[in-house]
1. Specify whether the C-alpha gyration tensor of the stretch B:88-193 places it in the rounded, prolate or oblate class, a ≥ b ≥ c being the square roots of the eigenvalues: rounded for a/c under 1.5, otherwise prolate if a/b is larger than b/c and oblate if not.
2. By Kyte-Doolittle mean hydropathy of at least -1.0 and Cα axial length of at least 20 Å, which whole DSSP H helices of chain D are selected?
3. Relative to the Cα centre, what is the charge dipole magnitude of the stretch C:2-183, using +1 at the beta carbon of each Lys and Arg, -1 at the beta carbon of each Asp and Glu, and rounding to the nearest 20 debye?
4. Per residue, what volume in Å³ does the Cα convex hull of the protein assembly as shown take up?
5. Would the stretch C:2-183 count as rounded, prolate or oblate if I go by the C-alpha gyration tensor, calling it rounded below 1.5 in a/c and otherwise prolate when a/b exceeds b/c, oblate otherwise?
6. Calculate the radius of gyration of the Cα atoms of the stretch D:226-310 to one decimal place, then report Dmax, the largest Cα-Cα distance, as a whole number, both in Å.
7. Tell me the distances, shortest first, between C:E221 and the same position across the other copies, using label points 7 Å along Cα→Cβ, in nm to one decimal.
8. When only alpha-carbon atoms are used, what values of Rg and Dmax, in angstrom, describe the stretch C:168-216?
Amino acid sequence: MATKIESLTKETLLEWYREIVLIRKFENMCHHLYFEEKDPARKITGVYLHLATGSEATHVGAVKALGVDDHVITAYRDHGIAIARGVDPNRVMAEMMGKRTGTSGGKGGSMHLADRSVNFWGGYAIVGGHVPLGVGIALKEKYVKSGSAVLCFVGDGALNNGYFHEAANMAQVWKLPIVFLIENNLVGMGTRIEESSGQTNPVKRAAGYGMKEGPSVDGQNIVEVYEAVKAELDWSRENGPVLMESRTYRFEGHGVSDKQFDARDDLKGELAIWEARDPINVLADHIKKKYKNIDDELAKLDTEATQVVNEAVEYAVNSPAPDYNDLIANVYVALTPEYRTR
Amino acid sequence: MATKIESLTKETLLEWYREIVLIRKFENMCHHLYFEEKDPARKITGVYLHLATGSEATHVGAVKALGVDDHVITAYRDHGIAIARGVDPNRVMAEMMGKRTGTSGGKGGSMHLADRSVNFWGGYAIVGGHVPLGVGIALKEKYVKSGSAVLCFVGDGALNNGYFHEAANMAQVWKLPIVFLIENNLVGMGTRIEESSGQTNPVKRAAGYGMKEGPSVDGQNIVEVYEAVKAELDWSRENGPVLMESRTYRFEGHGVSDKQFDARDDLKGELAIWEARDPINVLADHIKKKYKNIDDELAKLDTEATQVVNEAVEYAVNSPAPDYNDLIANVYVALTPEYRTR
Amino acid sequence: MKNLSMRDALRAALHEEMIRDERVFLMGEEIGKWQGTHRVTRGFYEEFGAERVRDTPISEMAIAGVATGAAMAGLRPVAEMMTINFAFLAFDAIINHAAKIHYMFNGQFTVPLVVRAATGWGNQATATHSHTPEPIWAHFPGLIVGCPSNAYDAKGMLKAAIRDENPILFTEVIALYPKPSPIPDEEYLIPIGESAVKREGDDVTIVSYGRGVEWSLEAAETLAKEDIQAEVIDIRWLRPLDMSKTLASFKKTNRCVVVEESLPHYSFGSEIAAQLQEAAFDYMDAPVKRVSALDVPLPYARDIELMALPNAQKVVQAVKEVL
Amino acid sequence: MKNLSMRDALRAALHEEMIRDERVFLMGEEIGKWQGTHRVTRGFYEEFGAERVRDTPISEMAIAGVATGAAMAGLRPVAEMMTINFAFLAFDAIINHAAKIHYMFNGQFTVPLVVRAATGWGNQATATHSHTPEPIWAHFPGLIVGCPSNAYDAKGMLKAAIRDENPILFTEVIALYPKPSPIPDEEYLIPIGESAVKREGDDVTIVSYGRGVEWSLEAAETLAKEDIQAEVIDIRWLRPLDMSKTLASFKKTNRCVVVEESLPHYSFGSEIAAQLQEAAFDYMDAPVKRVSALDVPLPYARDIELMALPNAQKVVQAVKEVL
Ligand SMILES: Cc1ncc(C[n+]2csc(CCOP(=O)(O)OP(=O)(O)O)c2C)c(N)n1
Ligand SMILES: Cc1ncc(C[n+]2csc(CCOP(=O)(O)OP(=O)(O)O)c2C)c(N)n1
Ligand SMILES: [Mg+2]
Ligand SMILES: [Mg+2]
């Protein structure tokens, strides 16, 4: 690790720092707008909002390993991945608020962010459902022999779903360029990995598919995540799928409608241990060790991130809501007679 | 192997021989009644009929390992398993002919044999669908602490289905008494295991569930199958599920509506190799080696088996067909008002 | 008699049945240690333990399939699908296994299984999480499908379901969980396949189930102010479908509006309208009108989502169209 | 012009579209080396190779899901479900993914996916293998659902489906595979969402799709001998549902019978009847009658299975009841 960080430029490290901090502030702002904001015009509403504080190093590190023509797809815990992939935070926040300027025009919401222009494919909320979609994208890239690969985030809980099993096997049979990155935060809602899974070491599942067993990396350490995902993506371009793991943690409850630490007292102690390895601090420590007198620069990035988030909120608040025409639009791609038979 | 056969009584070995031969003749009779029989009153009809010639040693050996209070469940290739478990061949044949005296009253047919009275649970035709049912039966036995276990046959092709994955994991998490016996005949319809599965060694899939990796046995050798299944069933009673394999072969096409060896010329050579290890001959050779001058006894069993099959046909032919009352019966357990609120 | 929310009425039903019959057990995602996503099983894990309150992996096919096997073997599982949307993953397990087994094996096995599932929408849950697909499930013989409209019914219906020998899909409208009804102290059951008149009236028949009953009753109050008396029928069980009260009412009012939270096509309203015109053609003074969700996948943004949702106002308007 | 069976007409459609557009590829169980369970893809593996004719594991969820992903990414997959019964395992993949993605992401992605599936029953395939559930799928907006009634339509409809940008469930009645129609040598397409008058008549309207059209036409011939002229409408696409020809016909005949191979409740007949009484109440001289399968899981035994199946005779009888 110490050696690897040496090879990264200051610019890169600061950019990563900026993004991690931005995502953290973005998530905290979402939390605030949902729970504390009083002005209805500024509130985030609805029954689902899954924050990813704690997993920022996993999200940013993995996404940074992608080339511009590579792809990323994930489940509902998707804000950080969207931002890391370069989706405009204004449009992400607008989506949270259900505005027409949102990435999905306000029709997808927090769980269904996507931005086709940066090959960020969403944002799906049926556990496991996005995994075959990711495999399908990889199939296309192999079909056209592009050399591009797909990064598919998979929750530890999602591994027990039939979708993962069938899609993983198919990817292996067809040797498709895809990295299944198990985002192992040890829990799915309130169920611990030991309670849900006969196999508690996710990468050991690779054997069931004759798939390459990739590394298990420290998900709080962005450099380690980046290096490992990059290597596995490159391997997968030529050789087929890889199953790897990033060990991380969920600092908040599963979603807004629950509070993990209310419901499962037995998990209480664990949070403190993981908070001690906050991905922001882990990266800041690296940077500070490598560059002396960097504190002002980091503080400036913090301030900038706050500004970006505040701006995103203003942008979202001031954006128009979708109307009836939006409600009925895009159910089908236009079924004009001429189109239908062209 | 040589040592193991020593411990078996002559009576047992001859009984097994009788059953293997009976099943073979039964299957051949089904083939005849479907393809060659001219008299419509004697024909087996319909679009599905899956014969299990070639797998008799796997079926009989595994079923014989069950105690009377243990359970067995399987897919549609179920005739031999039914007969081995002691279901009356008359009623099995009646079911093939869709008669009211059939095990399922003529409503289930070849694919849905079952006999509750001998803990033979069927007979299912959605690939993988019976696997969670078997796990549910095992759950019940653990719930009531009976010490009984479940034998669940699973085809090599069925392993790639979400049902298997989810049910296997759940069985492991709950440590249920069930043995998943992979009936590996190398093919699902026309698709070879290497073409369908990233992992071509079925027992290696156990790792994905943290499950006990059981043995891979020679499925043409009834003694080996019996010993291994018995040991794993006993292990599972105390410790939870096991994944094991029996390597066998399908002498016929997948079902009646296809002909494997027409559709896949590339598989042609293989059949001859496997026919050389016909389970009947393998067992007969063992018996003949162990007991001198046994030929007459074996011949007598052959003749008896022929009689049983012929009788079954007559029984079925002379049985009544179900009528309109049967058609509408058993959709629901009676919904009488008194019942509904009792 | 005490007031209980539908959540607590369901909780009481489960509790009573678990006490009454040791074979009854629960399985599902987050029902135990986490106390249930909708808190219907709050406290059960602590009271009944891990054998009878079984937290499962995220494996809907196996939840339904394993519960079916356990039911065949003699237990009486109550499986929870966190929401009915996820039950789509168990479509085969429920429709092509649980609902077929009794028939297919000619009565050798029974499947006394209850699959509970939260249903309904209107809280920005988006397209994949906003189904109320009861009619789709009720298409298939072998399955019973019920959906209560209030806490009182919920308790009696769920208890009847748990005691029944058939596989039952029992859906619970999320928006109704907090709503209270007076619940008697004595035990009661509501028979499977029995619809109910929830309000009497001579001018128009409104037929509904689940949350639609609430909109219908609200609409009936509004209409009453204009001296239009609506009779409101709660179907309660989409299968077996009891048309007796609806038919009797229609023969009196000669006009009918069907109200459903679900999508319009090949649905609840379709079936009720088809049956009425078939069975009571000579009594029809106007076409049967249907009020349902807008025919779109449901969106996230609050305002347009609410535009797509039926409500009392839309019911009032439909009634006026058939008068 | 030559006579082709529906099987060969479909084969020709697939073949032409694969030649025309390199992005079109096939995936499914046994479609390649095994030549297709129903032999629709016979010879394709040899001609197009393993990249474009992809044999899959027995993984219906992944077949539908992977095809959906490939479609989003710009390919034009035609996925085969060996039979529609197995598509129940892909219910979520098709309904809650393929059919939602275009809407949910506000048009960013399109899903030009065709899922072909063999449908129908009547050959002792038993309860789990005897579904004709098109109406259930057509309940959901975002999906297109088509089912041809003959070889000519099959070719034109499938070609249109492959060129369309929407996810489409395309079902093919097994009993119709061997039946021939004359097929023109020139290319033709049959527009999505267009129903057809298959026989003209003034006395009664018979509405159907798939195999029901055959029974309806046969019934019409029988009725013609008694001087009853039936107009037969083939709906062809259950979604989008084109009621224009049915309505026009009904306004002329004032009587209607709906014929379907599927189960009776919450189904095709329900929707057609509901729409007719809603849109043409003043034209109704009799209730709309429905002819469907008996409301049971289908049994194995031949005779009782056939009792449960609709047929021309039952259609004739229903027509007489509405006259
Ligand atoms: C098929 C399905 N079942 C259940 C749910 C409800 N649910 C949403 S998230 C979740 C937990 C997923 O856990 P994991 O995959 O570990 O992801 P994490 O939330 O930890 O990021 C569950 C059970 C769902 N959305 N889809
Ligand atoms: C879910 C599902 N998909 C497809 C089929 C069609 N099908 C029937 S048997 C079979 C092959 C199964 O192979 P395997 O599990 O190896 O069993 P075997 O036939 O070799 O005994 C297939 C694809 C089915 N019945 N169910
Ligand atoms: Mg997790
Ligand atoms: Mg096999």
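1. Numbers: a/c = 2.56, a/b = 1.25, b/c = 2.06.
Since a/c reaches 1.5 but b/c is at least a/b, the shape of the stretch B:88-193 is classed as oblate.
2. Values: long enough: D:6-20 (21 Å, -0.39); D:211-225 (22 Å, -0.30).
Membrane-span-like by this criterion, though nothing is claimed about a membrane: D:6-20, D:211-225.
3. Values: 17 positive and 19 negative charges, 67 e Å.
Around 320 debye, computed over the stretch C:2-183.
4. Values: hull volume 222.4 nm³, N = 1330.
With only Cα atoms used, the protein assembly as shown gives 167 Å³ per residue.
5. Numbers: a/c = 1.42, a/b = 1.18, b/c = 1.20.
The shape class here is rounded.
6. Over the stretch D:226-310's Cα set, Rg and Dmax evaluate to 14.5, 45 Å.
7. Label-point separations across copies, in nm and ascending: 6.2.
8. Values for the stretch C:168-216 (Cα only, Rg and Dmax): 13.1, 36 Å.
Coordinate-derived values only; no laboratory data. What you see is a predicted model, and the numbers here were worked out from it, not measured in a lab. Please note: Cβ atoms are built from the backbone with ideal geometry, for glycine as well, and neighbour counts cover all protein chains shown.
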